[in-house]
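The values are calculated or read from the model by the stated rules, or taken from the named source; none is laboratory data. What you see is a predicted model; the values in this text were computed from it and never measured. Methodologically, a virtual Cβ is constructed for each residue, glycine included, from the backbone with ideal geometry; neighbour enumeration extends over all protein chains shown.
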Amino acid sequence: MAFDLEMIRAVYADMGSRIEAARAAVARPLTLTEKILYAHLYTGQAKQAYERGVSYVDFAPDRVAMQDATAQMALLQFMQAGKATAAVPSTVHCDHLIQAKDGATADLAEANTENKEVYDFLASVSNKYGIGFWKPGAGIIHQVVLENYAFPGGMMIGTDSHTPNAGGLGMIAIGVGGADAVDVMAGMAWELKFPKVIGVKLTGKLNGWTAPKDVILKVAGILTVKGGTGAIVEYFGEGAENLSCTGKATICNMGAEIGATTSVFTYDEKMADYLRGTGRAEIADAASAIAAHLRADDEVYAQPERFYDQLIEINLSELEPHVNGPFTPDAAWPISQFADAVREHGWPEKLEVGLIGSCTNSSYEDITRAASIARQAVTKGLHVNAEFTVTPGSELVRYTVARDGLLDTFAEMGGVVLANACGPCIGQWARHTDDPKRKNSIITSFNRNFAKRNDGNPNTHAFVASPEIVTAFAIAGDLTFNPLTDTLPGTNGPVKLDEPVGVEMPPRGFAVEDAGFQAPAIDGSGVQVIVSPSSDRLQLLEPFKPWEGTDLKGLRLLIKAQGKCTTDHISMAGPWLKYRGHLDNISNNMLIGATNAFNGEANSVRNFAVQGDGYVTVPQSARSYKSMSIGTVVVGDENYGEGSSREHAAMEPRHLGVRAVIVKSFARIHETNLKKQGMLALTFANKADYDLVEEADTIDILGLTSFTPGQPLQARLHHADGDTDLITLNHTYNEGQIEWFKAGSALNLIRMMEHG
Ligand code: F3S
């Protein structure tokens, strides 16, 4: 049994009293989001009310899921915590590194060779630390989580932005960076700004060509790509009860496209059916027994406008199928207006490829509905005018739909079945094309459609729709086709496609021969983690050195960054992602995108220890100072470190000898990440002091021996002309974070506590 029934029962056992305490603290009826969040406070029962959109709160998620790209550094770091096993049930899913090229079998074999060292590492480290390992080909993280681990009322984090998919099973599931996964696996609190709650009331019932996907395509059009920021979207209403569980998951999955923290549905019979259908009847029973906790209080549903920060209503009976795009998922077009939009905007009308499946849309229902359209291509003698691919979300789904003859239907239509992996959804697509820059159109049932996302071609116009609409378009090969109204030329004259017909759950049940799961060793203490010392993609981490117990004197300025300095400027993505498991190699991208305030150039800084004019790249300068045991300081502007929660942006400076980052202001997550790595994250008490920092300065950081919450530190700037300036530096360290600094990192502290 893959899921952890005891853990779920324990969560449910506490839920009632925790919700009661929360209701008393908040003194009003609770939304479902609040019930789940208050039931997962790190400190136990609520003792106070938290303000939505304002309060920072420590949570204790029930699970962690990691995909193979982000899991590498997360697990390398986790090893530093000195724990025997992960503190909560955790899993690794090998889905991102498989390139789609020639079809499932060949592509999987190729990936197994190409990524062998990464897979060997992930398999062995999972085995050692009690972490479930899903092999390459087992499926895409979110689909596998839905089938095996998601549970109503639970809370999980996952190192991938579409983790919210599990909201289809009533779970608060949030996409995070690797550092957050490390915290939770190491038993630390996980901090989140208490989200706002957007209510979406669904009435009516889907019919005809309209699918669950169209709900989120419509919501994306209403809220736009930013509209969900800082909020959890909560779906409810009689319309929601009419949606399949997997359809709900599709809607939650794409909540990431509106920037939502996550999305969640009220527990209902459809969820219970799905749990039973996927071998989890005990969870369905346990959830049904506490169903009142798995929905908002009745007063909320009676007067939703009073209790949600924003309320949207959608009547499913009237909802049209949508096609969203190109280049952004919030450009929402009802199908009746799409053909005109294509013509007006001059988007390429010829459709080159239709792609269905992915983590977003590869349920049994999706596949049966799409297959009911594909079948008509054969039975009605239609020519299929575009390429067509199918990406099953998991081996469980693939095996089941193959058994039921559905993959044969796609093959008859000329479709190619790709590996159970991300593939074209994440740009892992060796697309067959004569010109990789050509302006062209594709349509997918995936979630993201930003420029270059699928095939790297900035001129590919990618549209997003339901799998059945994608299939119909692939047959037509023409973006101005409307399957609801138009005909296609068949062998015996024009034919119209019949409406799709789907089946929510396989009538003969799900089946699989090898789901691709490797359970970890019961006792992993003797398991060897496999990392080749000669690898350029993976490197075991060395613990960072603890604080030496004195003020830091004679530090050199590494760079004074001017203007915007995001985590991308600090640790660039793109080709560097290959090295995300190798701290030393990826550190060669450290701050190469930041603008040097003294010469206005990127990746060109003065180093006072090298020969010549002293201008070198930022990593070169850092390495030269490090080799001489000279610590360095990074100075920055406003909102330093905004962007992603990428932990590399904090680990790289730490690795290359930066001791303090002093800025006008920080992006909060990056500030915390720096603290976790044992660095000093400080702000100018007087922002104008930024101007006092000169290129040739040496810098002392003073006051560390009495480092205390709320007490500023100081820096003495020694200028080249012999002058000095003493400036005040603020900080936001609490007691625990000061201990991180002293220990050299948060993980060092955990290890010390673990082993005395
Ligand atoms: Fe992400 Fe893979 Fe889905 S790339 S969007 S998890 S298919």
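What to note about this one:
- Test: residue in segment 66-75 that is assigned by TED's automatic domain parsing to the domain that holds GLN303, assigned to a strand (DSSP E or B) and buried (at least 23 other Cβ atoms within 10 Å of the Cβ): yes
- Unique residue being of a type in the set (Ser, Thr, Tyr) and within 20 Å of ILE251 (Cβ to Cβ) when the list is TYR149, TYR119: TYR149
- Count of residues meeting criterion [polar (S, T, N, Q), out of contact with any Phe, Trp or Tyr (no Cβ under 6 Å at 6 or more places or on another chain) and under 15 Å from ILE750 (Cα atoms)] in segment 73-96: 2
- Scanning segment 92-117 for residues being over 20 Å from the mean Cα position of the chain (by Cα), within 16 Å of the ligand (Cβ to nearest atom) and not polar (S, T, N, Q) gives a total of 5.
- Restricting attention to segment 403-437 and to residues that are buried (at least 17 other Cβ atoms within 10 Å of the Cβ) and assigned to a helix (DSSP H, G or I), the residue that is modelled with the lowest pLDDT turns out to be ILE426.
- Against the test of being assigned by TED's automatic domain parsing to the domain that holds ALA743 and at pLDDT below 95, the options GLY643, GLY657, GLY631 yield a single qualifying residue, GLY643.
- Residues (of a type outside the set (Val, Ile, Thr) and within 16 Å of the ligand (Cβ to nearest atom)) located in segment 40-71: ALA65, MET66, GLN67, ASP68, ALA69, ALA71
- Any hit, segment 490-503, residues being in contact with a His (Cβ under 8 Å, 6 or more places away or on another chain) and not assigned by TED's automatic domain parsing to the domain that holds GLU117: no
- Some residue of segment 659-678 being of a type outside the set (Asp, Glu), within 20 Å of TYR625 (Cα to Cα), in contact with a helix residue (DSSP H, G or I) (Cβ under 8 Å, 6 or more places away or on another chain) and surrounded by fewer than 24 Cβ atoms within 10 Å (Cβ to Cβ): no
- Matching entry among ALA681, ALA688 (being buried (at least 17 other Cβ atoms within 10 Å of the Cβ), assigned by TED's automatic domain parsing to the domain that holds ILE662 and either at pLDDT below 95 or not charged (D, E, K, R) (or both)): ALA681
- Enumerated strands (runs of 3 or more DSSP E) restricted to segment 652-756, each holding at least 3 residues that are under 35 Å from the mean Cα position of the chain (by Cα): 658-663, 680-684
- Among the residues of segment 608-655, those identified as within 23 Å of LYS545 (Cα to Cα) and of a type in the set (Gly, Ala, Ser) are SER621, ALA622, SER624, SER627, SER629, GLY631, ALA649, ALA650.
- Qualifying positions in segment 93-103 - at pLDDT 95 or above and within 13 Å of THR391 (Cα to Cα): ASP95
- The set of residues in segment 225-248 being assigned to a helix (DSSP H, G or I), surrounded by fewer than 23 Cβ atoms within 10 Å (Cβ to Cβ) and in contact with a Gly (Cβ under 7 Å, 6 or more places away or on another chain) consists of GLY239 alone.
- For ILE356, the conditions (1) over 32 Å from the mean Cα position of the chain (by Cα); (2) closer than 17 Å to VAL501 by Cβ; (3) not charged (D, E, K, R) are fulfilled apart from (1).
- GLY221 vs. criteria assigned to a helix (DSSP H, G or I), more than 16 Å from the ligand (Cβ to nearest atom), surrounded by fewer than 24 Cβ atoms within 10 Å (Cβ to Cβ) and more than 21 Å from the chain's Cα centre (by Cα): yes
- Test set (1) in contact with a strand residue (DSSP E or B) (Cβ under 8 Å, 6 or more places away or on another chain); (2) of a type outside the set (Gly, Ala, Ser); (3) crowded, with 22+ Cβ neighbours inside 10 Å; (4) closer than 21 Å to ASP14 by Cα - ILE251 fails condition number: (4)
- Selection within segment 378-393: residues that are within 13 Å of the ligand (Cβ to nearest atom) and part of a loop (DSSP other than H, G, I, E, B). The member of this set that is farthest from LEU497 (Cα to Cα) is GLY393.
- Matching residues, segment 673-719, being under 18 Å from GLY641 (Cα atoms) and among the charged types (D, E, K, R): LYS675, LYS676, LYS687
- Filter pass, ARG375 being of a type in the set (Lys, Arg), over 25 Å from GLY167 (Cβ atoms) and in a helix (DSSP H, G or I): yes
- Matching residues, segment 560-587, being in a helix (DSSP H, G or I) and buried (at least 19 other Cβ atoms within 10 Å of the Cβ): THR567, HIS569, ILE570, TYR579, LEU583, ILE586, SER587
- Those residues of segment 422-467 which are under 29 Å from THR210 (Cβ atoms), near the ligand (Cβ under 10 Å from one of its atoms) and not polar (S, T, N, Q), in sequence order: CYS422, GLY423, PRO424, CYS425, ILE426, PHE446, ARG448, ARG453
- The listed residue being modelled with pLDDT of 95 or more, part of a helix (DSSP H, G or I) and within 15 Å of the ligand (Cβ to nearest atom), out of ARG398, ARG369: ARG398
- Considering ARG369, ARG375, the condition of being of a type in the set (D, E, K, R), touching a residue at least 12 places away in the same chain (Cβ under 8 Å), within 21 Å of MET254 (Cα to Cα) and not assigned by TED's automatic domain parsing to the domain that holds LYS248 is satisfied by ARG369 alone.
- Extreme residue, nearest to LEU382 (Cα to Cα), among residues of segment 411-421 that are more than 16 Å from the ligand (Cβ to nearest atom) and in contact (Cβ under 8 Å) with a residue 40 or more places away in the chain: MET413
- The residue of segment 232-266 that is nearest to GLU147 (Cα to Cα), among those that are acidic (Asp, Glu) and in contact with a helix residue (DSSP H, G or I) (Cβ under 9 Å, 6 or more places away or on another chain), is GLU241.
- Near pairs, Cβ below 8 angstrom, 6+ apart or cross-chain, from segment 9-21 (touching a residue at least 24 places away in the same chain (Cβ under 8 Å)) to any residue that is surrounded by fewer than 20 Cβ atoms within 10 Å (Cβ to Cβ) and of a type in the set (S, T, N, Q): SER17/GLN45; ARG18/GLN45; ALA21/GLN45
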